[in-house]
Amino acid sequence: MKKYIFQLICGCLLGIPSIYGQTLEPQPNIVVILADDLGYKDVGYMGCKENPTPNIDQIAFNGVKFTNGYTTCPVCGPSRAGLLTGRYQNRFGFEDNPGPYRQTAETIPGIPLRETTLGEYFKDLGYNTAIIGKWHEEKVPIRNPSNRGFDKFFGFINGASAYYIDDNKHGKLMRNLKPVNSEQEYLTDAFGREACLFIERNADQNKPFLLYLPFNAPHGPFEVPQKYVEKFSQVKDDKRKTFLGMINCMDENIGKIMATLKARNLEDNTLIIFISDNGGECERADNSPLRECKGSIYEGGIRVPFCMMWKGVLPENKTIDEPVIALDILPTAIAATGNQVNNQWFLDGVNLLPYIQGNKQGQPHQFLYWRFLWHHALRKDDWKLLKHRDHAEWELYNLATDIGEQNDLAKKHPDKLKELMDIYTDMSDQMLKPQWGWQPDYCGNYKKD
């Protein structure tokens, strides 16, 4: 029902695309770039000295940097589901990565058909749509992105892939609904190639496009062409060298995409968004000054690099310190087209454009919420409540003075602890229990072999 309401609204509004008085003719292209397991300090603009990332940095310095940018989960699958729907994935039971345990024999992991995806919203807007990269749902036809609003799919369904595909004997790399015959390029380069081709074809058709580009870099397996490892000869740790090389290769491909946009005169009419799906991998990434890493509900697991650029529309080199989250990408992208975000979609994300443009002041969110099986957290203003698997008691931190979450203030501020716990409880009462995953105590006892 939500999708059909959206179609009706789009039909009324497509004739008058405008944003804060600016006419957007033709409608802007949208490029959403997602890194996989990228650390908070693994890119240049966030302070990384080892690894120049000039192309990612260009997005940040020519646009807007969010210093308090979050993802909705510290692991891949649920965080992507939140981004793609603009809704906390807990609302539809996507709380863990797709796994063997289910609530029932009929349960199929993935974004339910009743939820509307980013691709479906933009398909209804008349956009050509593509996903190139990692999808991370159950490998059944109804979960293939070709059936969820994306005209083009080149990538893989599951949570990880080798970077050297060759003859694709396992059939994991797919083009739409079919396995590709072979792929000889390093996978990050192949994703960059396909993204550039998609942009070129749409430029020729003179039609607006949505490109969702979820790289699997720098997620394992940790392999990269030797030339990228050699760039980091000054780094002593071999694991870190490979990891940095994978990021460097991803950055180069982002540069190819941006060069293609510029060459086809699309740069000034394209909103580019860059974010990581969760915090950095524990052994190789640099999440400093945050605590812990991927899989944790401390800041190192959920606080990520997040920036966006739209030349001539968004201000340049602007920093926003108010907390924002990946849920905001969908409503922001829709608003960029000149269309309205309908309250009846019940999105948890917020259109960030008025905050970026200075038309609204204050914080986009009253609070941010996380639940990942036995991990629980809530942020309101500078205060963060959390309960981590390894700790019996609830903890309370003030992130303005303690970004590393070292000084637990729960006993000193019982009133604040209770305030945040009440909000957390109210939110959790609205959520569906986990429908699948790797933990039978949470995700159901039915096991699919």
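The values are calculated or read from the model by the stated rules, or taken from the named source; none is laboratory data. In this text, all values refer to a predicted model and were calculated from it rather than measured experimentally. Here Cβ is always computed from backbone atoms with ideal geometry, including for glycine, and neighbour counts include all displayed protein chains. For accessibility, only protein heavy atoms count, side chains too; no ligands or nucleic acids. Shrake-Rupley method; radii C 1.70, N 1.55, O 1.52, S 1.80 Å.
In the full protein context, segment 229-295 carries 39 Å² of accessible surface per residue, based on a 1.4 Å probe and ignoring ligands, DNA and RNA. The alpha carbons of segment 356-395 stretch over 43, 17, 11 Å along the principal axes, in descending order. Each residue, Thr104 and Asp422, gets one label point 7 Å from its Cα in the Cβ direction; the gap between the two is 3.7 nm.
About its Cα centre, the chain has a charge dipole of approximately 680 debye under the convention of +1 per Lys or Arg Cβ and -1 per Asp or Glu Cβ, with nothing else charged.
Ranking Trp374, Ile423, Asn445 by Cα position along the charge dipole of segment 348-449, where only Lys, Arg, Asp and Glu carry charges on their C-beta atoms, puts Asn445 farthest toward the positive end. Please give the calculated 222 nm ellipticity per residue for the chain, where each DSSP H segment of at least 4 residues contributes -39500 (n - 2.57) and the sum is spread over every residue; nearest 500 deg cm²/dmol? Taking each H run of at least 4 residues, the total per residue is -8000 deg cm²/dmol.
In whole percents, the pair-distance distribution calculated for segment 279-367 from its alpha-carbon pairs, binned every 5 Å from zero, is 3, 12, 19, 21, 16, 14, 10, 4, 1. When DSSP beta bridges are restricted to pairs lying wholly in the chain, around 55% turn out antiparallel.
Protein-only accessible surface at a 1.4 angstrom probe places the residues Arg143, Arg193 in the order Arg193, Arg143, largest first. When the convex hull of its Cα atoms is viewed from all sides, the chain shows a mean projected area of 21.0 nm². Cross-link pairs exceeding 30 Å between alpha carbons, from the set Lys239/Lys447; Lys360/Lys380; Lys241/Lys448: Lys239/Lys447; Lys241/Lys448.
For segment 176-227 and segment 379-431, what is the separation of their C-alpha centers, rounded to whole Å? Centre-to-centre (Cα) distance: 40 Å. With every protein chain in place and a 1.4 angstrom probe, the accessible-area ranking of Glu299, Glu322, largest first, reads Glu322, Glu299. Note on segment 38-143: lysine pairs with Cα distance below 30 Å, sequence gap of 8 or more or different chains, count 9. State the Kirkwood hydrodynamic radius of segment 325-368 in Å, one decimal place, computed from all pairs of distinct Cα atoms. After inverting the mean inverse Cα-Cα distance, the result is 10.8 Å. Computed over segment 101-211, the range of Cα coordinates on each principal axis works out to 47, 37, 18 Å, biggest value leading.
Computed over protein heavy atoms with a 1.4 angstrom probe, the accessible surface ordering of Trp383, Trp135, Trp438, largest first, is Trp438, Trp383, Trp135. Per atom type, the chain shows carbon and sulfur on 49% of its accessible surface, probed at 1.4 Å. For segment 327-449, rounded, prolate or oblate, judged on the Cα gyration tensor with a ≥ b ≥ c (square roots of eigenvalues), a/c < 1.5 rounded, else prolate if a/b > b/c? The shape class here is oblate.
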